[in-house]
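J.: Can you keep this structure in mind? I'll have questions shortly.
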């Protein structure tokens with residue numbers, strides 16, 4: 001998901017790191033040493049100390065044992081042979097053995113240290129450390145932020161959202177003090193995450209919370225679904241019916257799309273498979289009357305959720321938009337949800353804007369989010385209309401619907 005956004009953000013971090021590092025080089029304000037290399041140096045010092053201690057102890061023990069053993073042998077020889085000259089020869093042999101042992105140990109130490117130096121030799125291309133602190137300036141960011149804004153627009157992000165992200169990132173980064181090159185990348189991603197989270201975290205109650213609130217009053221939650229043709233509205237209603245049925249609620253569906261050929265049969269097919277009640281009239285009948293009957297049925301049977309399917313319509317079709325207003329007036333929905341196709345990008349955002357202006361929608365469900373490589377609609381739609389995304393369609397089966405979570409969304413974008 002959202003591969004395009006991931007690439008744009010990663011590209012920005014890489015560009016800014018290079019630009020700041022190149023500027024530091026021009027100022028002779030850089031040295032090639034990384035955290036790993038600092039640790040290696042410290043480890044090497046510890047290794048040397050350890051080797052010296054170990055060799056020193058080993059040599060001392062060896063010399064002590066050698067002298068002690070040879071002195072004992074010497075004493076035995078003196079007692080047996082009483083030959084001073086022979087004793088002197090033995091003493092010379094002891095000294096020669098001691099000197100040879102010391103040289104062998106010193107040679108072993110030198111070889112060990114050379115081997116460690118070779119293995120721990122600093123590698124080029126590590127983190128660049130600035131001799132003096134660098135400060136990120138507007139000049140550093142000017143071209144990079146322009147490229148970011150263009151990149152976001154290419155990913156179908158709405159222009160006001162792209163501008164908001166760029167402004168937020170600029171505000172966070174300008175004036176930041178940095179000591180190492182990798183700080184630039186870290187600060188950049190932190191700024192991007194903060195900017196994106198402010199965009200996607202649109203507050204609002206969940207449907208589940210609203211169902212519970214209505215349940216306490218003894219009334220069903222009435223939800224009306226709107227959108228253009230072909231966005232997956234009917235399938236989304238079936239997914240939601242299945243979702244809440246599994247949560248222990250009893251939904252009922254109103255087949256208020258009496259305009260499109262085959263629409264009643266389509267929603268009826270879904271309700272039969274899921275095993276829930278559908279309220280339907282004949283094709284061409286008044287869709288508002290169907291919605292009203294469904295609400296009355298839910299009230300009389302103690303059902304907690306009414307899902308009203310409506311005909312898909314273009315936001316420019318005045319007659320159908322007026323019909324939608326009538327359904328709203330008669331059924332008095334608690335929630336009006338716009339269903340949009342993630343893959344249509346900015347088109348989905350513009351459709352939502354128009355429906356919101358006409359009928360005042362309360363939330364959004366985006367379908368096909370799992371196949372959305374750009375992510376523009378998911379990033380933009382809630383911010384543009386000021387209404388929350390409630391669910392995301394993430395597959396083709398009835399179980400493939402996910403309640404929206406802005407933190408989960410942030411993780412997907414920056415995974």
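J.: Looking only at segment 248-262, which residues are touching a helix residue (DSSP H, G or I) at 6+ places or on another chain (Cβ under 7 Å) and within 22 Å of residue 401 (Cα to Cα)?
T.: 249, 251, 252, 253, 254, 255
J.: Could you tell me which numbered condition residue 258 fails, if it satisfies all but one of (1) assigned to a helix (DSSP H, G or I); (2) more than 21 Å from residue 364 (Cβ to Cβ)?
T.: Here residue 258 meets the rest and fails (1).
J.: I'd like the full set of residues that are closer than 30 Å to residue 269 by Cβ and surrounded by fewer than 16 Cβ atoms within 10 Å (Cβ to Cβ), limited to segment 403-415.
T.: Step one: list which residues in segment 403-415 are closer than 30 Å to residue 269 by Cβ, which gives 403-404.
Listed by number, the list holds a single entry, 403.
J.: Could you tell me how many of the residues in segment 212-252 are touching a residue at least 60 places away in the same chain (Cβ under 8 Å), over 30 Å from the mean Cα position of the chain (by Cα) and in a helix (DSSP H, G or I)?
T.: Count: 3.
Yes or no, residue by residue, for (1) closer than 23 Å to residue 407 by Cβ; (2) more than 19 Å from the chain's Cα centre (by Cα):
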position: 326; (1), (2): no, yes
position: 331; (1), (2): no, yes
position: 345; (1), (2): no, yes
position: 349; (1), (2): yes, yes
position: 353; (1), (2): no, yes
position: 367; (1), (2): yes, yes
position: 371; (1), (2): yes, no
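J.: Identify the single condition in (1) in a helix (DSSP H, G or I); (2) under 17 Å from the mean Cα position of the chain (by Cα); (3) surrounded by 22 or more Cβ atoms within 10 Å (Cβ to Cβ) that residue 381 does not satisfy, given that it satisfies every other one.
T.: If we test residue 381 against (1) in a helix (DSSP H, G or I); (2) under 17 Å from the mean Cα position of the chain (by Cα); (3) surrounded by 22 or more Cβ atoms within 10 Å (Cβ to Cβ), just (2) comes out false.
J.: Is it true that residue 176 is assigned by TED's automatic domain parsing to the domain that holds residue 391, surrounded by 15 or more Cβ atoms within 10 Å (Cβ to Cβ) and over 28 Å from residue 381 (Cα atoms)?
T.: no
J.: Moving on. Of (1) out of contact with any strand residue (DSSP E or B) (no Cβ under 7 Å at 6 or more places or on another chain); (2) assigned to a helix (DSSP H, G or I); (3) closer than 30 Å to residue 303 by Cα, residue 172 satisfies all except one. Which?
T.: Tallying (1) out of contact with any strand residue (DSSP E or B) (no Cβ under 7 Å at 6 or more places or on another chain); (2) assigned to a helix (DSSP H, G or I); (3) closer than 30 Å to residue 303 by Cα, residue 172 fails exactly one: (3).
The values are calculated or read from the model by the stated rules, or taken from the named source; none is laboratory data. Keep in mind it's a predicted model, so treat the numbers as computed, not measured. Here the Cβ is made from the backbone with ideal geometry for all residues, glycine too, and neighbour counts use every protein chain on show.
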